[in-house]
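Enquirer: Just passing along the structure, written as structure tokens.
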Amino acid sequence: VLAPVVAAIPAFMAIAVIPFGPAGNEVSIFGHRTAMQLTDLPIAMLFILAVASVGIYGIVLAGWSSGSTYPLLGGLRSCAQMISY
């Protein structure tokens with residue numbers, strides 16, 4: 001149950017700092033000015049890279065949770081490939 005959560009939550013966290021919409025990052029919805037970004041981080045690119053690297057651990061946990069050696073080695077191999085590329 002933990003491996004899919006560890007793999008999915010970082011993807012949603014990375015979307016929180018990506019600005020959507022026009023250059024002012026605000027749109028008018030029924031007269032209210034609404035921001036098209038959850039938060040405005042000055043280090044957003046570093047945050048996205050850091051959170052994306054945490055998502056790799058979900059693959060290792062998925063291989064480890066099977067209780068067998070070969071899926072664990074496959075998960076570690078996949079993790080190493082994602083880190084190196």
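The values are calculated or read from the model by the stated rules, or taken from the named source; none is laboratory data. Owing to the predicted nature of the structure, the values given are computational and were not obtained by experimental measurement. When we count neighbours, we look across all protein chains shown, and the Cβ atoms used for this are built from the backbone with ideal geometry, even at glycine.
Enquirer: Suppose we keep only residues that are among the polar types (S, T, N, Q) and modelled with pLDDT of 90 or more within segment 67-85. Which one would you say is surrounded by the fewest Cβ atoms within 10 Å (Cβ to Cβ)?
Expert: In this case the residue turns out to be T69.
Enquirer: Kindly provide the set of residues from segment 52-68 that are free of Cβ contacts under 8 Å to residues at least 24 places away in the same chain and not in a loop (DSSP other than H, G, I, E, B), ordered by number.
Expert: Scanning segment 52-68 gives V60, G63, W64.
Enquirer: On to the next question. Pick from segment 7-66 the residues that are of a type in the set (F, W, Y) and within 19 Å of the chain's Cα centre (by Cα): which of them is surrounded by the fewest Cβ atoms within 10 Å (Cβ to Cβ)?
Expert: Ranking the candidates gives F12 first.
Enquirer: Exactly one of (1) without any contact (Cβ under 8 Å) to a residue 12 or more places away in the chain; (2) part of a loop (DSSP other than H, G, I, E, B) is unmet by P71. Its number?
Expert: (2)
Enquirer: Among A50, A35, which is modelled with pLDDT of 90 or more, under 19 Å from M13 (Cβ atoms) and not charged (D, E, K, R)?
Expert: The conditions single out A50.
Enquirer: Checking L41 against (1) in a helix (DSSP H, G or I); (2) in contact with a helix residue (DSSP H, G or I) (Cβ under 8 Å, 6 or more places away or on another chain); (3) not β-branched (V, I, T), which single condition isn't satisfied?
Expert: If we test L41 against (1) in a helix (DSSP H, G or I); (2) in contact with a helix residue (DSSP H, G or I) (Cβ under 8 Å, 6 or more places away or on another chain); (3) not β-branched (V, I, T), just (1) comes out false.
Enquirer: Test of understanding: among V27, V6, V1, which residue is among the β-branched types (V, I, T) and either under 16 Å from C79 (Cβ atoms) or in contact with a Cys (Cβ under 8 Å, 6 or more places away or on another chain) (or both)?
Expert: After applying the criteria, what remains is V6.
Enquirer: Go through the residues of segment 27-38 one by one and say whether even a single one is assigned to a loop (DSSP other than H, G, I, E, B) and within 28 Å of S84 (Cα to Cα).
Expert: no
Enquirer: Working carefully through the options L76, L49, find the one that is closer than 20 Å to L2 by Cβ, out of contact with any strand residue (DSSP E or B) (no Cβ under 8 Å at 6 or more places or on another chain), part of a helix (DSSP H, G or I) and not β-branched (V, I, T).
Expert: Of the residues listed, the single one that is closer than 20 Å to L2 by Cβ, out of contact with any strand residue (DSSP E or B) (no Cβ under 8 Å at 6 or more places or on another chain), part of a helix (DSSP H, G or I) and not β-branched (V, I, T) is L76.
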